[in-house]
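Report on the structure given below.
Each value in this text was obtained by applying a stated rule to the coordinates, not by laboratory testing. As the structure is a prediction and not an experimental result, all values here were calculated from the model. Backbone-built Cβ (ideal geometry, glycine too); neighbour counts: all protein chains shown.
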Amino acid sequence: MADRRDIDNAREKIDDTPTIACSRCDREWDLAYELDELHAGNGALEQFALDHRQHTGHFPDDVTPWLAECRRCPDHEAFLSERPARRWAETHARHTRHRVVLQHASIDEPLTVEPTK
């Protein structure tokens, strides 16, 4: 037979919705919208961070983007993981024949993507 305390504990709702903060905005948000409405799943934090940057011009706290910056034209982008940043840099270098620099807090020196000949 089930213990009455187990049944009572199961009825208590646990709020385990992840949150994200931005000290520049002096706010904290839960990611319920990204999880429930956008169905972003494991990408909820990334989705929020990209949306936040698009609408405020900066990333929330503890989000360190990969920066891809062309050394010849004003084109540049920020990404939350290395793979899309590297793809953008390689594609830009290929199509424009411009050198692109990748930077991130996890690497000591910037990486340079050279155009293919």
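You can think of it this way: the chain between His76 and Ile107 has 9.3 nm of extra reach, that is 0.36 nm per residue less the Cα-Cα gap.
Here segment 63-117 has an Rg and Dmax of 10.3, 35 Å, counting Cα atoms alone. Model label points for Gln54 and Thr96, set 7 angstrom from Cα along the Cα-to-Cβ axis, are 2.2 nm apart.
Okay, helix-only estimate at 222 nm for the chain: each DSSP H run of n ≥ 4 adds -39500 (n - 2.57), divide by all residues, round to 500 deg cm²/dmol; what do you get?
Only helices count here, giving -9500 deg cm²/dmol.
Between the residues Thr96, Leu31, His58, the greatest Cα displacement towards the positive end of the dipole of the chain, with unit charges on the Cβ of Lys, Arg, Asp and Glu, is found for Thr96. Computed from the Kirkwood radius of its Cα pairs, the Stokes-Einstein diffusion coefficient for the chain at 37 °C and 0.692 mPa s stands at 193 µm²/s.
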